[in-house]
Amino acid sequence: MATKPRTTSATTPAPRANTAKPGNSPLIHGQLPYVESAGEEYMAPRQKDHFRNILLAWKKELMEEVDRTLHYMQDESANLPDPVDRASQEEEFSLELRARDRERKLIKKIDETIKLIDEDDYGYCTTCGIEIGIRRLEARPTANLCIDCKTLAEIKEKQTAG
Ligand SMILES: [Zn+2]
């Protein structure tokens, strides 16, 4: 409740030394895209660190977002005299809460994914076992299916849903 608002500069991650040209590659939750060295093994320790950093930074962003909303709602939930204002505020709050609910689920998924890294199970398709690949994981750090299995799963989902 009494947490002081943070300055924006404190949330900006410090740039890390990297051979990749800054400004050229989009950051992934504050991290530069991974640059593989020749002959590097898939999910070598440096790769695992890379994805752990991405997941932790992402989680931090989400938790700050949840925090911000709660403070915002506490500040804004004044007694509005106009019932129309009140109704639109309630509508706004319920949308916010739904968004926060999604974020909380995502945070849980991120935690589970970090556990996979710790258990050396990260980066492999849970259906067919092949390597998911660094670029796909950077685009979707919580992915646990390769692109083929994911596509198949989505087709099946559509069939059972329709
Ligand atoms: Zn697969």
(request) Could you grab me the full set of residues in the range 25-34 that are in contact (Cβ under 8 Å) with a residue 12 or more places away in the chain, surrounded by fewer than 18 Cβ atoms within 10 Å (Cβ to Cβ) and closer than 14 Å to R135 by Cβ? (result) P33
(request) Within the range 35-58, work out how many residues are surrounded by fewer than 19 Cβ atoms within 10 Å (Cβ to Cβ), within 17 Å of I117 (Cβ to Cβ) and not hydrophobic (A, V, I, L, M, F, W, C). (result) 9
(request) Can you give me the number of residues within the range 102-138 that are within 14 Å of the chain's Cα centre (by Cα) and away from the ligand (no atom under 16 Å from the Cβ)? (result) 14
(message) For the structure I just gave you, tell me whether I155 is touching a residue at least 60 places away in the same chain (Cβ under 8 Å), of a type in the set (A, V, I, L, M, F, W, C) and not in a loop (DSSP other than H, G, I, E, B).
(response) no
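Of the residues that make up the range 140-161, is at least one more than 16 Å from the ligand (Cβ to nearest atom), among the β-branched types (V, I, T) and at negative phi? Let's see the steps before the verdict.
Filtering the range 140-161 for residues more than 16 Å from the ligand (Cβ to nearest atom) gives 141, 158-161.
Now drop any that are not among the β-branched types (V, I, T), which leaves 160.
Now narrow it down to the ones that are at negative phi: 160.
So far as the range 140-161 goes, yes, one or more of its residues are more than 16 Å from the ligand (Cβ to nearest atom), among the β-branched types (V, I, T) and at negative phi.
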(message) Looking at the range 77-98 only, could you name the residues that are part of a helix (DSSP H, G or I) and loosely packed, with under 12 Cβ neighbours inside 10 Å?
(response) P83, V84, D85, A87, E91, S94, L95, R98
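Bear in mind these aren't lab numbers, they're just calculated from the coordinates by the rules spelled out. Predicted model, so just to flag it, every value in this text is computed and none were measured. All Cβ positions, even for glycine, are placed from backbone atoms using ideal geometry, and neighbour counts span all protein chains on display.
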